[in-house]
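Contents: one structure, followed by commentary.
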2 protein chains.
Amino acid sequence: MKRIEVIKNVLDANQSIADQNQRLLNKHQIFAVNIMSSPGAGKTSLILQTLAKLKNKLRTAVIEGDVASTVDSEKVKDKATAVVQITTRYMSENCTLIANMVSRALKSLPLDNIDLLLIENVGNLICPSEFALGEHKRVVITSLPEGDDKPTKYPMIFADADAVVINKVDLQNYVDFDVPSFRNNLVNLNPEVKIFEVSCKTGAGIDNWCSWLLHEMDAKAHQVTNKGG
Amino acid sequence: MKRIEVIKNVLDANQSIADQNQRLLNKHQIFAVNIMSSPGAGKTSLILQTLAKLKNKLRTAVIEGDVASTVDSEKVKDKATAVVQITTRYMSENCTLIANMVSRALKSLPLDNIDLLLIENVGNLICPSEFALGEHKRVVITSLPEGDDKPTKYPMIFADADAVVINKVDLQNYVDFDVPSFRNNLVNLNPEVKIFEVSCKTGAGIDNWCSWLLHEMDAKAHQVTNKGG
């Protein structure tokens, strides 16, 4: 019982720090997206495609979460307005980013010069679903080679997602992935979810994904302005 | 600090139950393998290939660990001597199997009629590396579409593996995965590791994998006999 109590306390404390993070982001008019997926589904690739597509429209910063290594930050560093690496290996939570880590990362970002913050979470379909970071939107990437049963097997993360990006559609002819069945299972679990089919390798579908992101940022900006007025 | 202490206590308690599990398995001359990977890398597919290949040689039971759903048990149930499903969604640890769950599963298996126990862990490259279950061998599956940087990004699980199975080699021409570079990084981290290249789709490489399994079972059986004599 002691452990369960501790977990509840940890989650409550995390939510309160996530709320602080969001207030800070709102103050600086930064739109934050928490990007989650299995290892290798394409978080960094989607971030790179997004940075390339939006580079003339937005100033985008990236927080890179990883258990170990700076492989992803290296790929992103010359393409974003700013990049912060969080390495979780020796932290008390190593299987996900938590709000406290993001709070510290925000301190080292030039908040007045950022419009969009992409947070690449640790590669994992379980732990990240439990920890809010202060983000405005939660995005899950799945990829064709993983198989179409992931919403059934990892329901928590798919149920809470604002958008799901189906990546690696260029492999459609080489793997067994039933897109209509995946969509059907996902919508049963999460009727409001937005779904995008993309290939971060060929660039297919990236326009739609970026249009949605811009639309959501715009909606959020108006909401903040209206509240402020 | 309280949380870190609790985690240490949890890991110590887990190791002691894992040791009990292994003593019980040894008593019944059962060889147990803990199979870990990202979601969708091919744990169930490797188990199905192994069951098919060894069905006339061994009596094999399977423990299926999943956050939710019985999708994998359904696939395996008619092909194994016995199958037990563990669903972790509402447990205090939901991102990995722990020794206590396996201990309970062992109670419902016909231990005198089993030679090999394949334990499919929850799809995750982080949490399962911390929790021993009582297994004799630890196997990590990686798959070509995930990319070749996984040992660098998830070093704990790869450093502790007895064997790494590189799955989905049938996709070699369609994805960027540098096999020599992967092997090199892995061996730097874990010089003793056995590496197998397989396709659970075509069956390529499954013979080598099963030969290793039989060889290791044989070595273990002699070790137990010698100790007993």
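Across the options A:LEU58, A:GLN15, B:PHE31, the greatest Cα extent toward the positive end of the charge dipole of the protein assembly as shown (unit charges at beta carbon of Lys, Arg, Asp, Glu) belongs to A:GLN15. Per-residue Karplus couplings for region A:148-161, computed as 6.51 cos²θ - 1.76 cosθ + 1.60 with θ equal to phi - 60°, are listed in order as 8, 9, 5, x, 6, 8, 10, x, 4, 6, 6, 5, 8, 6 Hz, Gly and Pro entered as x. Checking Cβ-Cβ separations below 4.7 Å across chain B identifies B:CYS200, B:CYS210 as cysteines lacking any candidate disulfide partner. For region A:92-103, 3J(HN,Hα) computed residue by residue from phi via the Karplus equation (6.51, -1.76, 1.60; θ = phi - 60°) reads 5, 9, 10, 9, 6, 6, 10, 4, 4, 5, 5, 4 Hz, glycine and proline entered as x.
Taking the Cα centre of region A:109-183 as the origin and placing charges on Cβ (Lys, Arg +1; Asp, Glu -1), which of A:PRO155, A:VAL122, A:VAL140 is farthest toward the positive end of the dipole? So the residue furthest toward the plus end is A:PRO155. Over what distance in Å are the Cα centres of region A:161-229 and region A:47-72 separated? So the two Cα centres are separated by 17 Å. For the listed residue pairs B:LYS57/B:LYS137; A:LYS8/A:LYS107; A:LYS194/B:LYS8, the alpha carbons are over 30 angstrom apart in A:LYS194/B:LYS8.
Taking Cα centre as origin and charging only the Cβ of basic (Lys, Arg, +1) and acidic (Asp, Glu, -1) residues, the dipole magnitude of chain A rounds to 580 debye. Here's how it looks for A:ALA32: its modeled amide H is under 5 Å from those of A:LEU117, A:HIS136, A:LYS137, which are all 5 or more places away or on a different chain. Using only side-chain charges placed at the Cβ, +1 for Lys and Arg and -1 for Asp and Glu, the dipole size of the protein assembly as shown relative to its Cα centre rounds to 600 debye. Computed on protein heavy atoms with a 1.4 Å probe, the accessible areas place B:ARG59, A:ARG89, B:ARG23 in the order B:ARG23, B:ARG59, A:ARG89, largest first. Farthest towards the positive end of the charge dipole of the protein assembly as shown, among the residues A:ALA219, A:THR87, A:LEU46, is the Cα of A:THR87, using unit charges on the Cβ of Lys, Arg, Asp and Glu. Here is how far apart the A:HIS222 label points are across copies: 7.6 nm, shortest first, using a point 7 Å from Cα toward Cβ.
Would you mind checking the pairs A:LYS43/B:LYS150; B:LYS43/B:LYS168; A:LYS153/B:LYS153; B:LYS43/B:LYS150; A:LYS53/A:LYS77 and listing those with alpha carbons more than 20 angstrom apart? With Cα atoms farther than 20 Å apart: A:LYS153/B:LYS153. For region A:4-123, what does the alpha-carbon gyration tensor say about shape, rounded, prolate or oblate, given a ≥ b ≥ c as the root eigenvalues, a/c under 1.5 as rounded, and a/b over b/c as prolate? Cα axes put region A:4-123 in the oblate bin.
Normalising the average separation of contacting C-alpha pairs (under 8 angstrom, six or more residues apart) by the number of residues puts the relative contact order of chain B at 24 percent.
Solvent-accessible area of the protein assembly as shown (1.4 angstrom probe, protein heavy atoms only): carbon and sulfur portion equals 48 percent.
Shape verdict for chain B, please, from the Cα gyration tensor: rounded (a/c under 1.5), prolate (a/b greater than b/c) or oblate. The shape class here is rounded. For region A:161-212, just say rounded, prolate or oblate: build the C-alpha gyration tensor, square-root its eigenvalues into a ≥ b ≥ c, call rounded for a/c under 1.5, and beyond that prolate if a/b exceeds b/c, oblate if not. Oblate, since a/c reaches 1.5 and b/c is not below a/b. The HN-Hα couplings worked out from phi for region A:25-41 by the Karplus form 6.51 cos²θ - 1.76 cosθ + 1.60 (θ = phi - 60°) are 4, 4, 4, 9, 6, 9, 9, 10, 10, 9, 9, 10, 5, 4, x, x, 7 Hz, whole numbers, x standing for Gly and Pro. Of the GluC sites (Glu not before Pro) found in region A:156-229, those in coil by DSSP whose Cβ has at most 13 other Cβ atoms within 10 Å are A:GLU192.
The values are calculated or read from the model by the stated rules, or taken from the named source; none is laboratory data. Here the structure is a predicted model, which is why all the values come from computation and not from measurement. Glycine also receives a Cβ, built like all others from the backbone with ideal geometry; neighbour counts cover every protein chain displayed. The protein model used for the area step is the full one, side chains on, heavy atoms only, and it has no ligands, DNA or RNA in it. Shrake-Rupley method; radii C 1.70, N 1.55, O 1.52, S 1.80 Å.
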